[in-house]
Amino acid sequence: MKTHHISRQQVAIYQAIRGREKWLGSSEIATIAGVNPRTTRDHLRRMALAGVAERVAMHPGHRYRLSLHTKEAKGYQARIEQAELVYDGLAG
C-alpha cells in the first residue's frame with residue numbers, strides 16, 4: 001500500500017502504539033495520540049493493511065499493536081519515522 005503523505009495524526013498514532021506490548025483499542029489509542037477516534041480508526045486500518053500494525057477482532061471492536069513482523073512494511077514504517085523527525089523539528 002503506497003501512501004504519499006504522512007500526516008501528523010499518523011505520526012501521533014504510531015507513537016501511541018510504539019513500544020507498547022499491550023493490545024489497545026482504537027479509542028484508547030485516540031486518547032493517547034490526541035486524535036479524533038474516527039480518524040484514528042481509519043489510520044489504524046491503513047497501518048494494519050500496510051503491515052505496520054497488527055489488528056485482532058475482539059468484541060465489540062478491534063485491538064491493535066505495533067507489528068512484530070514489520071519486515072514487509074519497513075519502507076512505510078521508515079517514512080512514518082522520518083515524518084516524525086520533520087514534525088518534531090517544526091514544533092521545536
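The values are calculated or read from the model by the stated rules, or taken from the named source; none is laboratory data. These numbers were taken from a predicted model, which means no experiment stands behind them. Note: ideal-geometry Cβ built from the backbone for every residue, glycine included; neighbour counts use all protein chains shown. Accessible surface areas use protein heavy atoms only, side chains included; no ligands, DNA or RNA. Shrake-Rupley method; radii C 1.70, N 1.55, O 1.52, S 1.80 Å.
Hey, for a label at Lys22 modelled as a point 7 Å past Cα toward Cβ, could you say which residues of the stretch 38-64 have their backbone N under 14 Å away? The answer is 64, whose backbone nitrogens lie closer than 14 Å to the label point. Go ahead and estimate [θ] at 222 nm for the chain from helices alone: -39,500 (n - 2.57) per DSSP H run with n ≥ 4, summed, over the residue count, rounded to 500. Rounded to the nearest 500, the figure is -17000 deg cm²/dmol. With all protein chains in place and a 1.4 Å probe, the accessible surface of the chain carries 51 percent carbon and sulfur. For the Cα atoms of the chain, what angle does the longest principal axis make with the long axis of helix 37-50, in degrees from 0 to 90, nearest 10? That works out to roughly 80 degrees. The mean accessible area for residues of the chain, using a 1.4 Å probe and ignoring ligands and nucleic acids, is 64 Å² per residue. In this structure Val86 has an accessible area near 80 Å², from a 1.4 Å probe over the protein heavy atoms. Each Cα pair under 8 Å and six or more residues apart adds its separation to the average, and for the chain the resulting relative contact order is 33 percent.
Each principal axis of the Cα atoms in the chain has its own extent, and those three values, largest first, are 39, 28, 22 angstrom.
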